Structure formats: structure tokens, C-alpha cells
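What follows is a single structure, written as C-alpha cells, with notes after it.
The values are calculated or read from the model by the stated rules, or taken from the named source; none is laboratory data. Everything numeric in this text was worked out from a predicted model, so none of it was measured. All Cβ positions, even for glycine, are placed from backbone atoms using ideal geometry, and neighbour counts span all protein chains on display. Remember, those area values only see protein heavy atoms, side chains included, never the ligands or the DNA or RNA. Shrake-Rupley method; radii C 1.70, N 1.55, O 1.52, S 1.80 Å.
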Amino acid sequence: MLKYLIKRFFWMIPLLFGISLISFFIMHLAPGDITTSEASFNPKASEESRQKLRELYSLDKPVIVQYGLWVKRMATLDFGTSFASHQRPVFWQTKDKDGNITLGMIQEALPITLLINVLSLILIIGVALPLGVISALKQNQLADRAITLFVFIGFAIPGFWLALMLMYWTGVQHAWLPISGLESMGHENMTWLSRTIDTLKHLVLPVFISGLTGLAGISLFVRNGMLEVLHQDYITTARSKGLKENRVIYGHALRNALLPLITIFGLSIPGLIGGSVIAESIFAIPGMGKLFYDAVLMRDFPVIMGILTIGAVLTLIGNLLADVAYAWADPRVRRGVMQ
Amino acid sequence: MKKVLHNPLALIGFIIIAGILLLALIAPLIAPYDPEAINVKAILLSPSTAHLMGTDGLGRDVFTRMLYGSRISLMVGFVAVGIATAIGIVLGAIAGFYRGWVDTAIMRIVDVMLSIPTFFLILAVIAFLTPSIWNIMIVIGLTSWMGVTRLVRAEFLSLRNREFVLAAQALGAKDTRLIFRHLLPNSLTPIIVSSILGIASAVLVESGLSFLGLGVQAPQASWGNILTDGKEYIQFAWWLSLFPGLAILITVLGYNLLGDGLRDAYNPRSSQH
Amino acid sequence: MSNKPYQYCLKKLALIAIISLLIPACSDSSSNQANNQIDYTKTYPASNGGTLIDAMTGEPSGLIAMIAGESAASAIAGNIFNSLLKYDKNLDLTGELAQSWEISNNQKTITFHLKPNLKWADNQALTTDDVLFTWQKVTDEKTRTPYGSDFKLVIKAETPDANTFRVTYAAPYAPALDTWAGLHILPKHLLKDQDINTTAFARHPVGSHYYKLDSWKNGQHLKLTRNVNATQGQAKINNLLSRIIPDKAAQFLELSADNIDSMGLNPIQYARIFPARPDLNKNIALYKELGNSYTYLGFNLKRKPFDDIRVRQAINYAINKQEIIDGVLLGLGEPVASPYKPGTRWSNPALKPYPYDPAKAKTLLKEAGYEDHDGDGIVDKDGKPLNFEILTNQNKEREMTGVLIQRRLKDVGIKANIRVLEWASFLGRFIKPKEFDVVVLGWSLSLDPDQYSIWHSSQQAAGQFNFISYNNPRVDKLLEAGRLELDPEKRMKIYHEFSKILLEDSPIVFLSAGYGLSAIHKRVRGISNPAPPAGIGHNTYEWNIPSAYARTEMSEH
């Protein structure tokens, strides 16, 4: 197992190298250079101050040197400070000489996005698993049809449209749920419990919207996986041995159908993070997606590069965890039978 | 094809898509108005016989814009998926056919691409390249070829050692002939299925980009930007967001149903009926 | 397997799904907010307390306005910091921190006298030391501010005593007072050892105005609370909460659900949606004020044929401005013929916009050599048809303006395509490198008449405001003279003359100035209606929320 882990860990190095290349390439996509595509009218900004920016980001050096510096920055997670947001550190907090701490932008945004994504994953597992299993067991019956239809609509509906309709329905017409943001007015004066409830209420719609596609996808996946497993020989064998149907389904079939799910979750991380742009913009949630979108609109290069890198690293970590979990769950992998 | 038509889901999907393609094709013939003609005296009219889907904030006929928008939205889907599929087939074929280090290299590139959140990548690239319909199609295409690559590679790997391939190779068939005459035709079904599903997701990505202001730019109509225009009036002028929203939903549904039906029909393992 | 029940069920489900989605969109009168029952027509004496909640689409980058620069920052910082001078409700300059000011006879020196006993929110004395310090910071080469150049014209700044601040210019500088009305005075005692570009003070500001920053949750809200040490008087509303809600549609939902008290409206919301919705009108009042900007069509004068005045004038005659005001602004705007607020001193009353006159436009085009020789409906010259691209940014009103212009130009045989772009691309790719034919854009209507940076021929470099490359020696001279002339009457003549040349020369086509439209909850009282020239925001400190109407708030522990 340890050997597998180490091997798996070293696999990440070429991937990180590739990510550094892609992000560096994107940085150089813009015609001219990054200082010419700033998103503000600033007639009084002198050429001199532009030059300062170029030096700060080594734009005056040869491309290969710039790349070297970029890799160094990536390795030390040093993405500098934001162009647009009063020089806030992009990644992690800094302390000035008076001891004032300025929080990093990603440092603040990441936990929010992670929270939403973790809740989405819980929702997906909690809802998609039973849906998929029911669908498979009641194959071609009413329940299966209904679930399948739900799944396909979940796939097909534009998220922001559904979000706005739900905001209107649950927020304006019925005042069941808050419409946007993370906290109600007076949040800071609430007790711990009501604060948590308040935040959770704010998260209901965003979590549902960001989890919807995944929910649809996973339940379909579970259904098909179950169906496939249920028709395998060993299930037939188990049945013929007289094992109880429940035991067959939950002990054997489900377990085997779920194995590939671990990998799917690993693979779905970039989609969830990427999907957070729309959900966070519409629900006014200051997470990674909103941060990235703002940075794109402001052409705030350090933030864009920082988030692309951190997002990719997170995905790699997610995949690593998924693979480890898979190896743990499936002895064949552990022993190196399958690669 | 017969198999597909016997699958009711796929059939529904097929009918939806055929219908929408037909509408897009004959849009200029049946559109009652000019899609860009604004009429300041007819702002936000609700649906009526004169304006089947009402008018928007500029007094343009929503039905007409929906018809023309279908062309843009479908074109984004087709071209983006065309690009992705072309790249995917080439890279997947090379990886699956030659194996060895080429395979390893290509699959590492795929891994790298898959580890960057795609929507972030699309947003960043479009922002730096200036949003335009061509840039959008190219960028969606360039960021969604990884699935096809894996698929083609897997198909090739499994077909590579089949008797008919080995036989052809023993007879001295060139690599290109092997690939194009023997391997590719036998991998076509999964490629088609994944392309159809890809179109569905490209249509959704375009609408998401429109919502963020980085999609197809006005005055050109796409379903995504009609829907985005309508979002501010969602409580008042429901027709502005309902029709484009439903159009996207139904189209994407259609592609998904067809794609999924096709997969079921040609995948013996999961077709139980 | 049989298909029939299957399909039936599918259809039914689809129907249910669609109907359930329709419900929120269709039923519009079933709002059940608790305060629908409250009668907002009662009168109450002005009282203290309450929280005013508004929404902004973007978050300020910091609250030192000279560094931050964006409108969100100025809006918030304006409640926290004072300037020496301010504009009153009739847009005349008056003292804010300054009690009075004098201009020397040679017009080069301005002496400000501070009001007595000024204080910072942390109870430290505010003196001319702070003013001098602020001037030093804004002119410091190391300070990353776009606003330094006005203040660099000051060759000597001195503080003869704690209440007197004197600045001397090399030459008389007419916009000087206006610039001092725009400079927030910063506290020296907190900033003297700090790098102003990166200081934590930008996020923990201490000012001297009605409010002070209470809390700032990144990406969520900024909360201001009353500054009890304020020396300009005490505001009536206790807290100002500015929520960051990037999506305008979400903002409108929040307004409808009574979660925010105010937001800016577009003409459709103002003129079409509100009148049709009694449930909204019951709780929300609408306000209209003179706009702060005008929309124009600007030519890239470096490109042919826009270097030909006849072509520019022809296009001006071909455009129907009233149609734009009626159609785009739904009548909620005014025509403009100069870059000044209609009705103010600087606006030349003798000037009228070019009338809509397609016949004249055709004549002018013909004089310039453009005629439809090949009969394709588009005028041409030397075999080249007259066609170009109208570029604008993502702004519904500008887009619509462009489309109306496109149609009118077609009538006189000019083919125009429209291209709409997201702001940053628009600016970075097209405006700065001057890669455009014609743009539809807006300029703000500044309070000081000086428009040197927009029209002077020296201001054409990439990133500067004269991106249309306007170059007229007569205008240059007037703009230079206008900066040197402090006498309002003489100054007025200079700018009236400047406006006249500008209109004749037609480097841009003045289109319209839309009103500022806003919706504010009826619980907020004390708002001037109709709005004075300075707009409804001139007396926010007098706005108040009667306690009977205040939201229920958690009490402070």
C-alpha cells in the first residue's frame, strides 16, 4: 500500500509540470502583455508605473526566464498580490510591520467553495445513491421512469435559470429561504446555533444548484452500474446459493457497483469547482468561482493564475484521494494486479 | 438505427433534435420578423398572435430571435464538438494504436487537461481572446476533447488485438489503412454517442457563458443571451426567460436522450430488453 | 416491453415538471411578505435609528478613494471621509472641512480656513497637518493614484497654523477648487509610517464624516455605523449596510422581497414594470434625478472617412435623437448639445442638437463624394461603399441606441454593423489601441467645466481619454484658457464658445442624457422629491427611518 501511495504521489509531478505550462501559456495568450489589457481607464497612469508592473511580473525578461520564475512561484505558492484589489495577497495572508494581518483572497474564498462542494457531494450521495438503486431495482417501472426523467431534466436545465426561478419562488413569493448572500442582517449578534442555521438556510439553494448536474449524473451512473452488476454471474451464483435478496443487493451488488463511483467523484471535482462560477455569481457568494469571475472581468492576472493553479492542485489531490480510497476498497489494485 | 427507433427514449430525442434542426434550417422562411429589428413601440409585449412568444426589452420579436438563436446555439454545439471530436480521434488513435511512450505522453496531457477546472479554463481563455462566436466554439472545442481521446484509445486498445486486425496487419496493411479501414469504423458508435452528449453540454456551456456576459455577443441572438436578457424581468416578463430556457432544456434533453438511447442500443452489456 | 404507459407517464411527468417550473414565473400577485400589511403613508417626525440596506454589484478594492478609484469605493468612502469643499444641493461649491477660503489677487494662491474643533472618528484632532499630509501623499511619485496630476500643479503647500492651509499654483488653475472638493482628507497620525498603496488602513479606515466602518465581510457586505465624533452633524440613520450582489436580477428579487431598501433602476423597470405592479408600489417609491452622464457616438478621427467633417455632420443629421430618447430611455432623458448638464451654468443654452434631417445628410454625403453609384442602396466613393462597425460595450441601452442609429444610417445609404463587447475586452483591445471605427459610449457630466483630458490634442496616448484623437487648435486654446480663468463669467464664455465649436465640428454626436432612476423603500423618509440638481443623495444624513418602519433587528449585546 505504501509503495502504491508513493508511486501515485510521484505521478503528480509531471501533471503539475503540465499545469504550469498550460497556465503560463494562458498568461501569454493576450496580445501585447498583461499590463496593456488592464480593465480600467486610467489616463494618468504613467508608462513608468506600467514598467513597474512589467518588472514585478518579470515581463521584461526572456520567456524562458519568465517561465522559470513562474514555476518557482507555483512551487512556493507565491502568486503575489492582486492588481485590482488593493494589493491583497492572492493566496495566503500577510502581516505588515504593525502586525495587521491581510487575509489572502484564495484563503478566504476557498473554504466557502469547499463547504458548498462538500455539501453538494453529501447531497449527491444522499440522494443519487437511493435514486439510482431504486431505479435499477424497479427497472422500467414507473419509479424508474420518473427518476430517469428527473435525471435528464437535471442534466438539461440551465442552472442560472432554475436558480432565478427558485430564488423567486422560495425567496420572494414565500419567504422560505433567503435569496442571496451567506448571512442575514444581524448575523453577528446571533447565537452559535442560529448563526449556523442562518448560514445553512442561505446555502440550500446554492448547494442544490451546484449539485444538480452531479446528482443527475451519479444516479444514472449508479442505476447503470447496478443493472450491470445484477446481471453478472456471481450475483446469479449468490442468488442460486439461496442468499436473501437484500443481502444480494446490498452486500454484493451495491458494493461492486459503487467501486467505480469513487473514481467518478475524484473526476467530478474540477466540474464542481468550475461550476461554482455561475452559482456563486448569482447567489452572491464570495467563493472561488466568484473570485475567479471577478478576476477575469478585471483581467487581474495574479488572481487568475493563482486560482487556475490552486484549482488544478485541488483536483490532483482529489484524484489522489479517490485513487487511494479505491485501492483501499479494491484489494486487486492494492496488490498491483491492476495498474 | 432500427434498434434506436425501438428505444422510445432515443426516439423522442431523435424527434426533438430533428424538429429543432428543421426549425433552425428554415428559420428565415418561417420567421415573422427581422431578428434584429427593434420596435420602440412594442417593448415587452406579452405573447399574442402577432408575437407568438412576445417581445423583448428592445421590442424585438422573441419567436423570431429564438428561431435565429437556434442556429447560433446549434452551430456552437456542432463546431465545438467537431473540434473536440477531431482532436480526440487523432490523439486517441495515436495513443491506442502505437501505445508505448506516445500513449503515456498523450494520456498525461489528458490528465493535465482534466485536472484544470474546465469552466475556469474556458473563461480565462475567452477573456484573453475577446468573446466572439468563433472564439467560443474553438475554446469549448479545445477544452473538451479529453473524453473522446480516452474513449478512442480504449476502443483501439481493445480492437488492436482482435483477429481481424491482426490478420490485416499480417497481410501487410499499412498503419494508416489499419486505423482508417479497420479500427476507426469499429469505434464509431461510442464516438457518435459521446459527440451527441458533447453537443448537449456545449449548448449549456454557451448559455452559462452568456449569463456571465462572455458568451455570444449581442446583437446576434443565441438562446443563451436571450435567456440572459430575460433574467432581469423574470418576475414580470416571464416569456423572455421561459421560452429560451425551455428551448435549451428541450434541446439538451433531446441530445441526451438520443445519445443515451444510442449507447444503450449498441452497448450489449446494458441493454437488457 | 410496452411503450404506451411509458410514454404516457413520461409526458405527464414532463408536464408536471414544466408546470412546476412555470409557477414561480407566472403567478405574480401572491407575495406574502409580512410587511405588505404595513401602511407606509403615515407621517412620523424624523427620528434616529434604523438600518438602510442597499446593494452594489462590485466590491470596493479599498476605501482610500485616491488609490481605489472605482465607483463602489467612492460611494462608500464618501460616507466616511470629508473633503475641504463640497457641492451643495444646487451644485455650488461650499465648505465641508473648510469654513471659508480665499483666492489671492493674482489668482495663484488659495487659502483655506478649517472649521474649528474638527475631529477624526478616533477623537484625535483634525488639523491642516492632515490636509498637508494628504496633499503630499497624492502628489508622491510612489503613490499609485490616477489623480495626482491636478495636485502636482501646486508648487507650494503650507500650513501657517493648525487651521490654515495655503496652496500656490505656478499659474492660475481654474479647476483647482473642484479638485479640492474631490480629495478625501486622510489622517496623518494613522498613515504617516505606512505605505499608502498597501496599508491595512484601506480596509480599516478612520475618517471624519457621518459614518465609520463597522465591519467589512469580503464579498458579502460593508457595514457603516454612525460616527459619534462627526463634526459635520449627526446622521439620522444608524447603520448603512451595503450588500454585494453581483447579479442585477438577484438584486431586484432582493428588493421585491424587502431585503434591500434601494437600488438603481433601468428605464424599463421604472416606466413599465413599477406602474404595472401595485404590490411593489405600495412599499417602494421611485425617484428621478438629472443624470450624471450622456451617451454619444464617437468617431475615430484617425480613420477615413471620419476625418471629413461633412461625413461626421451627415451622420449627425441622419440620427434621430428624439427617437433614441423615446425608445431607449422611454422618455426618461433629455437631449444634449454640449458635454454639460442641461440647465447648468456651463451648458450653452443657445446650442441645439442637430435636427433629424436625412435630406441634409444625403446632401452632405454627396458633397463629400459619397453617392450610390452602383445602385446597391449603399453610398460609395471611388468604388468603396461607406460601411463601418459601431462598437459598444455590454449595456442594453447603448446596444439599443446602436441599433436605432444603424437603422437611420441605412436610410441615408450608410451600412453599419453593430458589435457589442464585454467591458475589459472593449477597453483593452479596441479603445486603447484605437482599433475602432465608431463607438457608442458615455461620458460623465462633470461639475467643473474643464474637459482638457477629453478633448485636448495632447491627451491622445493609449489609455488617455481623447481616444477619438480629436485635434482642433482652437479648442486646445480655449481649453488652456479655461483652466487659467477663475472668473466664473469669463469662464462661462470660454466654455460656451468651446461647446459651440465642438457641436459644429461634430467629433462626436451628442445623443442623450438619461435620468438617474432609483427605487427606495418607503420606510426611508427625508428624501427630497423632486430631486434638486445635485440629486437625491445630497442630504443622505437627513434621511431617516421611523422606528415603526424599521426592520426587526437583533439587539446589540
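The set of residues in the stretch C:428-445 that are touching a residue at least 40 places away in the same chain (Cβ under 8 Å) and either among the hydrophobic types (A, V, I, L, M, F, W, C) or closer than 23 Å to residue C:340 by Cβ (or both) comprises C:436, C:438, C:439, C:440, C:441, C:442, C:443, C:444, C:445. In a residue-by-residue description of the stretch C:331-354, the property of being under 24 Å from residue C:436 (Cβ atoms), in a helix (DSSP H, G or I), open to solvent by 10 Å² or more (accessible area, probe 1.4 Å) and in contact (Cβ under 8 Å) with a residue 12 or more places away in the chain applies to no position. Against the conditions (1) under 20 Å from residue A:172 (Cα atoms); (2) within 14 Å of chain A (Cβ to nearest Cβ); (3) within 25 Å of the chain's Cα centre (by Cα), residue C:274 satisfies every one except (2). Taking the listed residues C:401, C:392, the one that is in a helix (DSSP H, G or I), closer than 23 Å to residue C:293 by Cβ and away from chain A (no Cβ under 14 Å) is C:401, with no other qualifying. Taking the stretch C:242-259 as the range and being under 21 Å from the mean Cα position of the chain (by Cα) and either more than 15 Å from residue A:282 (Cβ to Cβ) or part of a strand (DSSP E or B) (or both) as the test, the residues that pass are C:242, C:243, C:244.
Note on the stretch A:183-208: residues that are aliphatic (A, V, I, L, M) and open to solvent by less than 20 Å² (accessible area, probe 1.4 Å) total 3. Taken as a whole, the stretch A:258-273 holds no residue that is among the polar types (S, T, N, Q), within 14 Å of chain C (Cβ to nearest Cβ) and either in contact (Cβ under 8 Å) with a residue 40 or more places away in the chain or within 30 Å of residue A:160 (Cβ to Cβ) (or both). What do you reckon, is residue C:45 outside any helix (DSSP H, G or I), closer than 23 Å to residue C:285 by Cβ and modelled with pLDDT of 50 or more? Taking the combined requirement at face value, the residue satisfies it. Among the residues of the stretch B:60-75, not a single one is assigned to a loop (DSSP other than H, G, I, E, B), without any contact (Cβ under 8 Å) to a residue 24 or more places away in the chain, within 12 Å of chain C (Cβ to nearest Cβ) and not polar (S, T, N, Q). All conditions but one from (1) of a type outside the set (S, T, N, Q); (2) more than 19 Å from residue B:202 (Cα to Cα); (3) surrounded by 17 or more Cβ atoms within 10 Å (Cβ to Cβ); (4) modelled with pLDDT under 80 apply to residue B:131; the one that does not is (2). Considering the conditions (1) of a type in the set (A, V, I, L, M); (2) under 19 Å from residue C:437 (Cβ atoms); (3) open to solvent by 50 Å² or more (accessible area, probe 1.4 Å), residue C:359 is excluded by exactly one of them, (2). Listed by first and then second residue, the pairs linking a residue in the stretch C:467-496 that is under 18 Å from residue C:108 (Cα atoms) and in contact (Cβ under 8 Å) with a residue 60 or more places away in the chain to a residue that is open to solvent by less than 50 Å² (accessible area, probe 1.4 Å) and among the small types (Gly, Ala, Ser), with Cβ atoms under 8 Å apart and 6 or more places separating them unless they lie on different chains, are C:482/C:174; C:483/C:174; C:484/C:171; C:484/C:174; C:485/C:174; C:486/C:174; C:491/C:174; C:491/C:482. Pairs are defined by a Cβ separation below 6 Å, a sequence spacing of at least 6 or placement on different chains, a first member in the stretch B:150-163 that is touching a residue at least 24 places away in the same chain (Cβ under 8 Å), and a second member that is assigned to a helix (DSSP H, G or I) and open to solvent by 70 Å² or more (accessible area, probe 1.4 Å); the pairs so defined are B:159/B:186. Output the residues belonging to the stretch B:154-174 that are open to solvent by 60 Å² or more (accessible area, probe 1.4 Å) and in contact with a helix residue (DSSP H, G or I) (Cβ under 7 Å, 6 or more places away or on another chain). Residues satisfying the conditions are B:164, B:169. For the stretch C:431-452, the condition holds for at least one residue, the condition being that it is of a type in the set (Gly, Ala, Ser), at pLDDT below 90 and either within 25 Å of residue C:491 (Cβ to Cβ) or not in a helix (DSSP H, G or I) (or both). Please enumerate the residues belonging to the stretch C:87-102 that are open to solvent by less than 70 Å² (accessible area, probe 1.4 Å) and farther than 21 Å from residue C:129 by Cβ. Hits for the stretch C:87-102 are C:87, C:88, C:91, C:93, C:94. Take residue C:72 and tell me if it is at pLDDT below 85, closer than 14 Å to residue C:242 by Cβ, not in a loop (DSSP other than H, G, I, E, B) and not β-branched (Val, Ile, Thr). Considered against the rule, which asks whether it is at pLDDT below 85, closer than 14 Å to residue C:242 by Cβ, not in a loop (DSSP other than H, G, I, E, B) and not β-branched (Val, Ile, Thr), residue C:72 comes out as yes. Of all residues in the stretch A:285-334, those being open to solvent by 30 Å² or more (accessible area, probe 1.4 Å), modelled with pLDDT under 85 and within 14 Å of chain C (Cβ to nearest Cβ) number 2.
Of the residues that make up the stretch C:231-241, is at least one without any contact (Cβ under 8 Å) to a residue 12 or more places away in the chain and either surrounded by 23 or more Cβ atoms within 10 Å (Cβ to Cβ) or over 30 Å from residue C:331 (Cα atoms) (or both)? No: zero hits. When the stretch C:199-230 is limited to residues that are part of a strand (DSSP E or B) and hydroxyl-bearing (Ser, Thr, Tyr), the one that is surrounded by the most Cβ atoms within 10 Å (Cβ to Cβ) turns out to be C:211.
Tallying residues that are free of Cβ contacts under 8 Å to residues at least 24 places away in the same chain and at positive phi within the stretch C:369-412 yields 4. Taking residues in the stretch C:279-290 that are surrounded by fewer than 18 Cβ atoms within 10 Å (Cβ to Cβ), and partners anywhere that are of a type in the set (Gly, Ala, Ser), the pairs with Cβ atoms closer than 6 Å and at least 6 places apart or on different chains are C:279/C:31; C:286/C:519. Residues in the stretch A:77-130 that are charged (D, E, K, R) and either at the interface with another protein chain (Cβ under 10 Å from one of its Cβ atoms) or touching a Gly at 6+ places or on another chain (Cβ under 6 Å) (or both): A:88, A:95, A:96, A:97, A:98, A:108.
Residue A:285 fulfils the conditions (1) without any contact (Cβ under 8 Å) to a residue 12 or more places away in the chain; (2) not in a helix (DSSP H, G or I) except for a single criterion, (1).
Collect the residues in the stretch B:126-146 that are under 17 Å from residue A:271 (Cα atoms), part of a helix (DSSP H, G or I) and in contact with a helix residue (DSSP H, G or I) (Cβ under 6 Å, 6 or more places away or on another chain), keeping them in residue-number order. Once the filter is applied, which keeps residues that are under 17 Å from residue A:271 (Cα atoms), part of a helix (DSSP H, G or I) and in contact with a helix residue (DSSP H, G or I) (Cβ under 6 Å, 6 or more places away or on another chain), the stretch B:126-146 yields B:139, B:140, B:141, B:146.
On inspection, residue C:494 fails the criterion of being among the aliphatic types (A, V, I, L, M) and under 24 Å from residue C:258 (Cα atoms). Entry remark, the stretch B:216-247: residues being more than 7 Å from chain C (Cβ to nearest Cβ), in a loop (DSSP other than H, G, I, E, B) and surrounded by 24 or more Cβ atoms within 10 Å (Cβ to Cβ) number 4 in total.
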